[in-house]
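**Student:** Below you will find the structure I want to go over with you.
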Amino acid sequence: QVTVLYFARSAELAGLRSESVSVPQRITSVQLWEEIVKIHPRLAVIQDQVVFAVRQEYVLLGDQLLVLQTGDEVAIIPPISGG
């Protein structure tokens, strides 16, 4: 069980700001993204732009193995525009 936090456009697409999600303890970042997209298919449109933060550390989507603990926070951070 991890807590997924949605920010900006990801919150709009998911329709909520946070939720608990059950995922395997050992999972790659791209597999984690795929699990989240199964729950919220509309998030797929931002896949090429999204960055994760796991335990407040940035993680790019890829083959990087994550070892998650119950209660970890996974933030979904889409591109932020501004000037």
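**Student:** Report, by residue number, each residue of the stretch 64-76 that is modelled with pLDDT of 90 or more, open to solvent by 20 Å² or more (accessible area, probe 1.4 Å) and either farther than 20 Å from residue 16 by Cα or touching a helix residue (DSSP H, G or I) at 6+ places or on another chain (Cβ under 9 Å) (or both).
**Tutor:** Across the stretch 64-76, the qualifying residues are 65, 67, 69, 70.
**Student:** Tell me which residues, restricted to the stretch 19-35, are of a type outside the set (D, E, K, R), out of contact with any helix residue (DSSP H, G or I) (no Cβ under 6 Å at 6 or more places or on another chain) and closer than 17 Å to residue 69 by Cα. Quick ask: steps written out before the conclusion?
**Tutor:** Step one: of the stretch 19-35, the residues of a type outside the set (D, E, K, R) are 20-25, 27-33.
From the residues that got through so far, the ones that are out of contact with any helix residue (DSSP H, G or I) (no Cβ under 6 Å at 6 or more places or on another chain) too are 20-22, 24-25, 27-33.
Those that are of a type outside the set (D, E, K, R), out of contact with any helix residue (DSSP H, G or I) (no Cβ under 6 Å at 6 or more places or on another chain) and closer than 17 Å to residue 69 by Cα: 20, 21, 22, 24, 25, 27, 28, 29, 31, 32, 33.
**Student:** If you take the residues in the stretch 17-32 that are part of a loop (DSSP other than H, G, I, E, B) and under 13 Å from the mean Cα position of the chain (by Cα), which one is surrounded by the most Cβ atoms within 10 Å (Cβ to Cβ)?
**Tutor:** We begin by selecting, within the stretch 17-32, every residue part of a loop (DSSP other than H, G, I, E, B); these are 17, 22-25.
So of that shortlist, the ones also under 13 Å from the mean Cα position of the chain (by Cα) come out as 17, 22-23.
Working: 17: 11, 22: 8, 23: 17.
Taking the candidates together, the pick is 23.
**Student:** Looking at 44, 75, can you tell me which residue is aliphatic (A, V, I, L, M) and free of Cβ contacts under 8 Å to residues at least 24 places away in the same chain?
**Tutor:** Testing whether each residue is aliphatic (A, V, I, L, M) and free of Cβ contacts under 8 Å to residues at least 24 places away in the same chain leaves just 44.
**Student:** Can you name the number of the only condition in (1) open to solvent by 40 Å² or more (accessible area, probe 1.4 Å); (2) among the hydrophobic types (A, V, I, L, M, F, W, C); (3) under 12 Å from the mean Cα position of the chain (by Cα); (4) under 13 Å from residue 76 (Cα atoms) that residue 8 fails?
**Tutor:** Exception for residue 8: condition (3).
**Student:** Additional query: Given (1) touching a residue at least 24 places away in the same chain (Cβ under 8 Å); (2) not in a helix (DSSP H, G or I), identify the lone condition not met by residue 13.
**Tutor:** All conditions are met except number (2).
**Student:** Right, another one. Criterion first (more than 17 Å from residue 15 (Cβ to Cβ) and part of a strand (DSSP E or B)) does residue 66 satisfy it?
**Tutor:** It is true that residue 66 is more than 17 Å from residue 15 (Cβ to Cβ) and part of a strand (DSSP E or B).
The values are calculated or read from the model by the stated rules, or taken from the named source; none is laboratory data. Everything numeric here is computed off the predicted structure, so don't read it as measured data. Heads up, the Cβs are rebuilt from the backbone with ideal geometry, glycines too, and the neighbour counts pull from every protein chain shown. SASA here: full protein model, heavy atoms, side chains in, ligands and nucleic acids out. Shrake-Rupley method; radii C 1.70, N 1.55, O 1.52, S 1.80 Å.
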